[in-house]
Amino acid sequence: MLPEIELYIHIPFCIRKCNYCDFLSFPAGEELQNRYVDALCQEISDTGACLPLPYPVRSIFMGGGTPSILSIYNIRRILSRIREHFNLTEKAEISMEANPGTLSSEKLAAYREAGVNRLSIGLQSADDECLRMLGRIHSWPEFRKNYLQARKAGFDNINIDIMSALPGQSLESYLKTLKEVIKLQPEHISSYSLILEEGTPLYNDDSLLKILPDEETDRLMYEMTKKTLEDAGYHRYEISNYAKEGKECIHNLGYWEDVPYLGFGLGAASYWKEKSSTDRPERFLRFSNVRDLHTYLIQPYLPFEYRQDYQQLSREERMAEFMFLGLRKIRGVTPGHFKERFGCDMESVYGEPIRKFLDMGLLSMKDGRLALTEQGINVSNQIFCEFI
Ligand code: SF4
């Protein structure tokens, strides 16, 4: 039986670049958008044709960039092309990232009709001053209007993205964002601290860097997120992700739980398990698409050939991924699952770091699950490094 897989679709277009953004995204007119979707659809068909049978798909995630910048026609084209080549499972999650300022009631109704059943809206802050400083194209009232339009269009599974540790952001201002978001009762909330990326306007603006919250305030904001959202009925299931019961993002869980995925579009990454054959053992591959738009649009190659950075994962690398991806989830990992997958005890491979972090109170073992403690979450990157 074929395993369930996930699909990621990258739409690299935005109205304009935000001041903190180093994602693969840029502005583009309608003609370029149409050509891009032509290439994307071709890539989906070519890849589908290479697969022995249509794989069952448990989730599709259209990310970017700003997928909602595309016309309704283009969104329909992408989804119907996927349906031609893959079998969507009955409960498949079909998520789309959207930004206020690119949405309308008409678009939202059309997305629902096309099968999109989860929306992830980028808000970042309910404070218009913060939004201006970030270079976002929308205000808080514009976000609110689009959110209510999405509800009216029938979206009953919505994520809101917010950010903390912004230049000049006080604890009060961040708390106000959390409270305003809670009032809207989305099913899912993601909250990330701002990461300063080299080369972005924000990174080069000394006046803004001077007013960045210090580490202690960043930590207090993190704790505030947890307390405020948990008090409001959201449970944290990953370091930065909160959901109402049963509304965890299926697609993201797949990334942390070793589910294979195919990425389509500019720069999109894939993780693929290749079954064994008479002349080759099972292989676990990571690869990504070209990042140059011109090359992607010309697309004169067979599908797997314009993918690059092929990496065949060794058993050790897969074990390390099992640990550091699995530990991102608040429920952690189980030694039994490790043994099932790799045929050896977790203790025999990682006994030393596990014991060290258990002693330091950074990991805990409860009900047969190994997980980060609150303290461990604060230094999670250091812990993950020890498993690599
Ligand atoms: S909307 Fe998102 S992807 Fe687009 S520029 Fe802003 S942060 Fe980057």
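A DSSP coil position with no more than 15 other Cβ atoms inside 10 Å describes the following trypsin sites (Lys or Arg not before Pro) in segment 318-388: Arg331.
Of all DSSP-defined beta bridges confined to the chain, some 40% are antiparallel rather than parallel.
Taking 18 Å as the cut-off, the amide N atoms of segment 3-40 that come nearer than this to a point 7 Å along the Cα-to-beta-carbon line of Ser276 belong to 3.
Provide the per residue accessible area, probe 1.4 Å, for segment 316-387, rounded to a whole number of square angstrom. If you can, show how the numbers build up before the last one.
Values: 3760 Å² over 72 residues.
Counting only protein heavy atoms, the per-residue value for segment 316-387 is 52 Å².
Summary of packing: across the peptides 64-74, 45-55, 186-196, 18-28, the per-residue average of other C-beta atoms within 10 Å ranks them, highest first, as 64-74, 186-196, 18-28, 45-55.
For the chain, Cys14, Cys41, Cys50, Cys130, Cys249, Cys344, Cys385 stand unpaired, since no other cysteine beta carbon lies under 4.7 Å from theirs.
Between Met1 and Ser105, what FRET efficiency comes out of the Förster formula 1/(1 + (r/R0)^6) with R0 = 25 Å and r the beta carbon distance, rounded to 0.05? The calculated FRET efficiency here is 0.05. In this rough spin-label picture, where each label sits 7 Å from Cα along the Cβ direction, the Glu317-Asp258 distance is 1.6 nm. Histogrammed with a bin width of 5 Å, the alpha carbon distances of segment 10-79 distribute as 3, 15, 24, 23, 16, 11, 6, 2, 0 percent, first bin at zero.
My understanding is that a pair violates if its Cα-Cα distance is over 20 Å; which of Lys247/Lys339; Lys145/Lys176; Lys107/Lys145; Lys91/Lys227 do that in this structure?
As for pairs spanning more than 20 Å Cα to Cα, those are Lys247/Lys339; Lys91/Lys227.
Taking label positions 7 Å along the Cα-Cβ direction at both Ser348 and Glu197, the computed distance is 4.3 nm, reported to one decimal.
In this rough spin-label picture, where each label sits 7 Å from Cα along the Cβ direction, the Tyr73-Leu297 distance is 1.8 nm. Give me the number: length gained by fully extending His337 to Asp128, i.e. 0.36 nm times residue separation minus the C-alpha to C-alpha distance, one decimal in nm. Difference between extended and current length: 70.6 nm. Stretched out straight at 0.36 nm per residue, the stretch from Glu31 to Thr89 would grow longer than its current Cα-Cα span by 17.6 nm. From its DSSP helices (H runs of at least four residues, each -39,500 (n - 2.57)), the chain gives a residue-normalised ellipticity at 222 nm of -12500 deg cm²/dmol. If R0 is taken as 35 Å, the Cβ-Cβ distance between Lys227 and Glu142 corresponds to a FRET efficiency of 0.75. Normalised per residue, the accessible area of segment 5-254 is 42 Å², obtained with a 1.4 Å probe and no contribution from ligands, DNA or RNA.
Accessible area of segment 5-254 with a 1.4 Å probe: how many percent of it is carbon plus sulfur?
Numbers: 5270 of 10450 Å².
On segment 5-254, the fraction of accessible area on carbon and sulfur atoms equals 50 percent.
Nonpolar atom fraction for segment 316-387, defined as the carbon and sulfur part of the 1.4 Å probe accessible area, stands at 49 percent. Across the chain, how large is the tail of the calculated P(r) beyond 27 Å, expressed as a percent of all Cα pairs? Everything past 27 Å amounts to 54 percent. Size of segment 251-347: Rg and Dmax of its alpha carbons, in Å, are 15.9, 50.
Using R0 = 41 Å, the C-beta based FRET efficiency linking Gln308 and Asp359 works out to 0.45. Taking the average, over residues, of other Cβ atoms within 10 Å as the packing measure, peptides 266-279, 164-177 rank 164-177, 266-279 from highest down.
The values are calculated or read from the model by the stated rules, or taken from the named source; none is laboratory data. Quantities reported herein were computed from a predicted structural model and do not represent experimental measurements. Please note: Cβ atoms are built from the backbone with ideal geometry, for glycine as well, and neighbour counts cover all protein chains shown. SASA here: full protein model, heavy atoms, side chains in, ligands and nucleic acids out. Shrake-Rupley method; radii C 1.70, N 1.55, O 1.52, S 1.80 Å.
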